[in-house]
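Engineer: Before we start, here is the structure in question, set down as structure tokens.
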Amino acid sequence: MIQLSKAAVTEIKRIQSKQSNPNVWFRLGVEPGGCAGWYYTMAFDEQCNPDDLICECDGVQVTVDSRILDYLNGLTVDYSQDLMGGGFRFHNPKAAKTCGCGNSFSIVESSTP
């Protein structure tokens, strides 16, 4: 299960309202790369695929490809503003290590999506 903080929900809804189609899915994913081996991806998607898992967080429809759920299960996405600017923060209990920016991580399992 994936969770969004109230601040993340507010920011996602703000960005979503600026999309040409406001009825889009909020897609979370991972890709190989980054400082620690994997990095998080976020996008709006106009379609949901048959093997996607869907969860709803305070009105935001979150979709994740079921093949990568092992990397994201338990993830909490937060959003915060600070003197250096705002950004999404990822709190992943599966992460064995993260990079300094917090957008890249590694896990103990050796499987790949």
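Engineer: If you scan the range 1-57, which residues turn out to be part of a loop (DSSP other than H, G, I, E, B), touching a residue at least 40 places away in the same chain (Cβ under 8 Å) and open to solvent by less than 70 Å² (accessible area, probe 1.4 Å)?
Structural biologist: Selection gives ILE2, SER5, GLY34, ALA36.
Engineer: Here are some conditions: (1) surrounded by 16 or more Cβ atoms within 10 Å (Cβ to Cβ); (2) at pLDDT 90 or above. PHE105 meets all but one. Which one does it not meet?
Structural biologist: (2)
Engineer: As an exercise: evaluate VAL30 against (1) touching a helix residue (DSSP H, G or I) at 6+ places or on another chain (Cβ under 6 Å); (2) farther than 17 Å from CYS99 by Cβ; (3) not charged (D, E, K, R) and give the number of the one condition it does not meet.
Structural biologist: Of everything listed in (1) touching a helix residue (DSSP H, G or I) at 6+ places or on another chain (Cβ under 6 Å); (2) farther than 17 Å from CYS99 by Cβ; (3) not charged (D, E, K, R), VAL30 misses just condition (2).
Engineer: So which residues in the range 74-91 are under 15 Å from THR41 (Cα atoms) and of a type outside the set (Ser, Thr, Tyr)?
Structural biologist: LEU75, VAL77, ASP78, GLY87, PHE88, ARG89, PHE90, HIS91
Engineer: Assuming ASP78 fulfils every condition listed in (1) in a loop (DSSP other than H, G, I, E, B); (2) open to solvent by less than 50 Å² (accessible area, probe 1.4 Å); (3) of a type in the set (D, E, K, R) apart from one, which condition is it?
Structural biologist: Looking at each condition in turn, ASP78 falls short on (1).
The values are calculated or read from the model by the stated rules, or taken from the named source; none is laboratory data. Computed from a predicted structure; not experimentally measured. As a convention, Cβ positions derive from the backbone with ideal geometry for all residues, glycine included, and neighbour counts pool all protein chains shown. Heavy atoms of the whole protein, side chains included, go into the accessibility calculation; ligands, DNA and RNA do not. Shrake-Rupley method; radii C 1.70, N 1.55, O 1.52, S 1.80 Å.
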